[in-house]
Structure formats: structure tokens, C-alpha cells
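Note sheet for the following structure.
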């Protein structure tokens, strides 16, 4: 195998069409993202059919832009990595079909990548020194996972959400207090103006597994509080609601994650996923990890959201481990972390 490996990453799992070129899994040569946020804001959330059509329109453009920005051609690319799940099935199919046709036409190796694994790999780009084993918390609109990264591509799932993901709860609460979509950044901004101790929202405990998460009860508690205020004709302080809700989410995420780090005897912890860009969550982990002498890793916000650089990074480690996808690679919308190896 040659010294430098260039991987072209393709990402289309939700509402970002992205392509990137990454060298040796760590060095980003380009990372081009076409976002659909403004379009879906009109509908209060992602509309799957619209997202799929926009991916078709943009995928050639972002791929050409990524190659140009990296100052390379497809002849220089050693492998093509593409997200094949989890995500919206129609959106995934656009990226998978495009990557398969490109790989077939140019006789390039094809590597299907788990989107959640891609989020974890974003930390390898940001922290060149980070190597397994470590504990990683993946928090996004569709996923909340706590996993031990035992090796590249090898994971032990400690806990996951039993109902709503953290990001999903953010979106629903944001809609309830009139902030609109996307909920995460808007609640994060408004919470800075509120008192996080103003309202005592619940912190859920789930069964015997102390690592699992549940946010549906918290979401319901917020809705009940808002309904109660309306029935009593009391004015709602939206900043206090946002701050108190966010504090409840952050408290649970920090407690579960760092308990896992300590119980498994590890001293390295990373966060990943869209919610990992939340300022309150990052600050809380910075403070707690410092107190407990735990090395804390977090990607830049641009690498927390959906992007193709993280897919190319994860694809690189799969590629050098000998993993290849066949022409029967298909979109798997409910793909689990660790599946498909």
C-alpha cells in the first residue's frame, strides 16, 4: 500500500450534500458542504422528498468542487467512501448510487461508511494525536450513543437513547416555545439569556442500564409546563425555559458519559455529532473533565454537523483494514453502530 492514501468522501444522509478529500484519514484537503437548512426552515423540519431532490441537484457540483479545492483529480483518489446509513432512505440512496457509479466507472475501491462512525472519526481530524481506546458520546438529531472505541472500526455500545435523541428533543422544545427550526442552535443562543435553575425539569433514569438515555419525559415536562402557564394565563419566560431545559439535557449527558469513562478505566473522552457543537455541553464537559483529569476531545463545530470529511476519515480506516463494499451496497436507514464489518 502506498504511503499517502487519498479518500473521496460522499455524505447525503439528511439535508447536507457534501464531498471531501482526506489524506491518510487525518488531513483534510477539501470539505465542501451544500446545506438545505434555509429551505427546510420553511416547513419547520426536514422534508425527506425535498432533501432527496436537492441531493440529486447538488451531488455532482460538490464533488467537482471538492476535487478542485484539493487540487487533485479522480486519478489521484485511492478509494471512494460513502455514507450508507443510518439516515433518510431517499437521501442515502442518492449518495450511495452516485458513489457506486463513480467507483464502477473509474475502477476505484468502494467503502460504505456508517454515519455514526463518521461522527466519531471527526475527532481524528481535529486531534491528530487521538488514538483508541477512548469513550465517545455521539449526540445528534437522530442519535444519542455512548460507546467505547476499542479500536478503529471496533465499538462497544454502553448506552443509547430509549426514545427521543437529544437533538430531536431540542427541535421539539424549540418548536413548542416558538423558536422554529433548527432548534439546537436557537435554544443554545436563547439559553444564554435565561436562568438554568429557574425551572426544575426532570433528569430521567432508565432501568438497570445506567448508561441509557431518555429525553421524551423531559420533552413532555416542558410541554406540560407551557400548557400549565397557558391555562393559568401566566407569562412564559422563554429564555428560562430554554436554559432550564438545556441544563437538564446537559446534566444527564455529562453524568452518564463520564461515569462510563471512569468505570472503564479510560482517561480519554470525545464528543461527536451535531449537538456536540452546543456551547453549554462543551463547557460542562471541559470543566468536568478537567476536574477528573480526563483528556477531552471535541471537533470544531463544522465537523460536528454532517460533512464528508468525517466520512472520508472513517472510510480510510476501513480501507486500510481491508474492508470493501460490493456493487450490492444499499442504503440502510436504521443501520446500527458496528454493523456491516
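The values are calculated or read from the model by the stated rules, or taken from the named source; none is laboratory data. Just so you know, these numbers come straight off a predicted model, no measurement behind them. No Cβ is skipped: glycine too gets one built from the backbone with ideal geometry, and neighbour counts run over all protein chains shown.
Anything in segment 128-158 that is within 17 Å of the chain's Cα centre (by Cα) and under 23 Å from residue 19 (Cβ atoms)? List them, or say none.
Filtering segment 128-158 for residues within 17 Å of the chain's Cα centre (by Cα) gives 135-149, 153, 155, 157.
Across segment 128-158, the qualifying residues are 138, 140, 141, 142, 143, 153.
Examine segment 215-225 for a residue that is over 27 Å from residue 113 (Cα atoms) and within 18 Å of the chain's Cα centre (by Cα), and state whether such a residue exists.
Step one: list which residues in segment 215-225 are over 27 Å from residue 113 (Cα atoms), which gives 215-225.
From what is left, the residues that are within 18 Å of the chain's Cα centre (by Cα) are 215.
Among the residues of segment 215-225, at least one is over 27 Å from residue 113 (Cα atoms) and within 18 Å of the chain's Cα centre (by Cα), which makes the answer yes.
For segment 321-338, check the following and say yes or no: at least one residue is under 14 Å from the mean Cα position of the chain (by Cα), in a helix (DSSP H, G or I) and surrounded by fewer than 22 Cβ atoms within 10 Å (Cβ to Cβ).
Looking for residues that are under 14 Å from the mean Cα position of the chain (by Cα), in a helix (DSSP H, G or I) and surrounded by fewer than 22 Cβ atoms within 10 Å (Cβ to Cβ), one finds none in segment 321-338, hence no.
Would you confirm whether or not segment 245-256 contains a residue that is outside the structural domain of residue 116 (by TED's automatic domain parsing), outside any helix (DSSP H, G or I) and more than 20 Å from the chain's Cα centre (by Cα)? Talk me through it step by step, then tell me what you get.
Taking segment 245-256 as the starting set, the residues that turn out to be outside the structural domain of residue 116 (by TED's automatic domain parsing) are 245-256.
Pick out the ones that are also outside any helix (DSSP H, G or I) and you get none.
No, there is no match, as no residue in segment 245-256 is outside the structural domain of residue 116 (by TED's automatic domain parsing), outside any helix (DSSP H, G or I) and more than 20 Å from the chain's Cα centre (by Cα).
Yes or no, residue by residue, for (1) at pLDDT below 90; (2) more than 14 Å from residue 76 (Cβ to Cβ); (3) not assigned by TED's automatic domain parsing to the domain that holds residue 87:
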residue	(1), (2), (3)
10	no, yes, no
16	no, yes, no
21	no, no, no
25	no, yes, no
31	no, yes, no
34	no, yes, no
37	yes, yes, no
41	yes, yes, no
45	yes, yes, no
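Can you tell me which residue is farthest from the chain's Cα centre (by Cα) among those in segment 54-83 that are closer than 24 Å to residue 143 by Cα and part of a helix (DSSP H, G or I)? Before the answer, list the steps.
Let us first name the residues in segment 54-83 that are closer than 24 Å to residue 143 by Cα, namely 54-55, 81-83.
Filter once more, keeping what is part of a helix (DSSP H, G or I): 54-55.
Details: 54: 20, 55: 19 Å.
This residue is 54.
Out of the strands (runs of 3 or more DSSP E) lying entirely within segment 1-43, which hold 2 or more residues that are surrounded by fewer than 20 Cβ atoms within 10 Å (Cβ to Cβ)? It would help to see each step written out before you state the result.
Values: elements: 6-11, 16-23, 27-35.
Those strands (runs of 3 or more DSSP E) span 27-35.
Quick one: would you say residue 270 is touching a residue at least 60 places away in the same chain (Cβ under 8 Å), outside the structural domain of residue 27 (by TED's automatic domain parsing), buried (at least 19 other Cβ atoms within 10 Å of the Cβ) and part of a helix (DSSP H, G or I)?
For residue 270, the condition - touching a residue at least 60 places away in the same chain (Cβ under 8 Å), outside the structural domain of residue 27 (by TED's automatic domain parsing), buried (at least 19 other Cβ atoms within 10 Å of the Cβ) and part of a helix (DSSP H, G or I) - is not met.
Which one is surrounded by the most Cβ atoms within 10 Å (Cβ to Cβ), of the residues in segment 84-120 that are without any contact (Cβ under 8 Å) to a residue 12 or more places away in the chain and assigned to a helix (DSSP H, G or I)?
Filtering segment 84-120 for residues without any contact (Cβ under 8 Å) to a residue 12 or more places away in the chain gives 97, 101, 105, 107.
Subsequent filtering for residues that are assigned to a helix (DSSP H, G or I) retains 97, 101, 105.
Numbers: 97: 17, 101: 11, 105: 9.
If we take residues in segment 84-120 being without any contact (Cβ under 8 Å) to a residue 12 or more places away in the chain and assigned to a helix (DSSP H, G or I), then 97 is surrounded by the most Cβ atoms within 10 Å (Cβ to Cβ).
Which condition breaks for residue 91 when tested against (1) more than 22 Å from residue 28 (Cβ to Cβ); (2) over 22 Å from the mean Cα position of the chain (by Cα)?
Evaluating residue 91 over (1) more than 22 Å from residue 28 (Cβ to Cβ); (2) over 22 Å from the mean Cα position of the chain (by Cα) leaves (2) as the failure.
Working only within segment 288-308, note down all residues that are within 14 Å of residue 27 (Cα to Cα), part of a helix (DSSP H, G or I) and in contact with a helix residue (DSSP H, G or I) (Cβ under 6 Å, 6 or more places away or on another chain).
Within segment 288-308, 303 is the sole residue that qualifies.
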